[in-house]
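The structure appears right after this line, and notes come after that.
Bear in mind that the values in this text are calculations on the coordinates, not laboratory data. Here the structure is a predicted model, which is why all the values come from computation and not from measurement. Don't worry about glycine lacking a Cβ; one is built from the backbone with ideal geometry, like all the others, and counts go over all protein chains shown.
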Amino acid sequence: MSTTPRSRQQRRTPLAPRKKRGATQLEQAGEGKRLFEGPEEDTPEPCVVSEPIKRAYAIVRRSSNGLGETGGAIYGEVTASSFQRVVDAMGLEPTSIFLDVGSGLGKPNFHAALHAGCASFGVELEEVRWQLATFNLMQMHAAGFGGGVYFLHGDITAAYSLDPFSHVYMFDVGFPPTLLETLADLFNRSQARVLASFQKNLDENYGFDVVLRRKIQTSMHGSTEKHACFVYDRHLRASPVSPDPLFVEGLEKLREPKELQCKDAADRLDASHSKPRRPRSARKTDPYLTPPRRII
Ligand SMILES: C[S@@+](CC[C@H](N)C(=O)[O-])C[C@H]1O[C@@H](n2cnc3c(N)ncnc32)[C@H](O)[C@@H]1O
């Protein structure tokens with residue numbers, strides 16, 4: 001049965017993000033919704049994709065027969081140079097633990113591991129894609145890849161949180177709103193610091209406790225389509241860890257607008273300068289500064 005092609009707008013409707021939460025207290029107070037200033041739109045900078053990463057993409061391309069490079073919106077993969085800009089913005093380090101939610105054929109996982117030397121974990125729902133990714137991993141090992149990548153065949157919604165991953169990436173253009181809402185719960189229950197997603201306003205639309213840091217235009221393999229990748233930081237207010245009492249007051253201050261933070265710093269400095277100084281004789285000797293006595 002032939003169907004009339006639906007317009008782009010109509011096709012998008014079932015996936016259109018729903019408003020989940022009302023305005024935050026800060027927004028209601030008219031103080032803006034971002035606590036940090038920073039460029040939302042980035043200007044494409046030249047980025048360097050290393051030779052080992054280029055080789056990894058070639059291996060995946062060869063062993064997966066180009067799948068993912070022609071799928072466009074149906075499958076969807078960003079190019080190596082676009083993804084390089086994403087990992088740069090995510091700030092991956094050797095101690096990071098990277099998670100790709102819906103890891104497909106595994107390119108982002110190989111890229112993250114080779115770029116940062118960090119552990120890299122992918123979860124993929126579709127068995128055939130997971131098999132292909134695992135086959136790619138074997139090909140990578142055969143080519144001398146140092147390891148650190150693991151692919152799990154499974155449904156991310158079977159997890160309770162995203163711990164212990166520090167950096168989470170998801171090519172979530174086609175994820176349904178219900179999945180994004182579940183992912184928000186998982187993310188909010190975990191300690192991941194950075195989240196890269198292709199969804200705008202993850203905080204307002206799906207309830208993720210995040211603050212937008214960067215927006216990166218990405219290109220797709222085998223397609224003229226472009227998608228913006230949004231790199232978010234976990235919201236400071238959302239820390240699931242109870243802070244030590246030593247840090248509580250300072251952390252409260254960090255939630256205030258910049259002007260109040262500035263005033264607070266000046267006030268505390270003033271208070272410190274106007275504190276009465278203890279007379280010199282009343283000072284105790286600092287045992288750590290006293291040279292050790294010679295035994296002989
Ligand atoms: C567009 S592909 C992205 C592949 C890969 N991340 C990349 O960027 O090259 C999205 C993947 O998410 C997977 N996916 C969708 N829902 C999922 C779920 N609940 N758990 C795990 N994977 C899921 C899909 O099967 C699909 O392979």
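Descriptive notes on the structure:
- Sequence-ordered 3J(HN,Hα) estimates for segment 219-233 from the Karplus curve with 6.51, -1.76 and 1.60 and θ = phi - 60° stand at 9, 9, 5, x, 7, 8, 4, 10, 10, 8, 9, 9, 9, 10, 9 Hz, glycine and proline given as x.
- Cβ-placed point charges (K, R +1; D, E -1), dipole of segment 35-238 about Cα centre in debye, nearest 20: 500 debye
- Among Ser120, Ser274, Ser166, a tally of other beta-carbon atoms within 10 Å of each Cβ gives an order, fewest to most, of Ser274, Ser166, Ser120.
- Positive-end extreme of charge dipole, segment 35-238 - chosen from Pro94, Phe171, Tyr232 (charges on Cβ): Pro94
- Of all beta bridges that DSSP places with both ends in segment 35-238, some 45 percent have antiparallel geometry.
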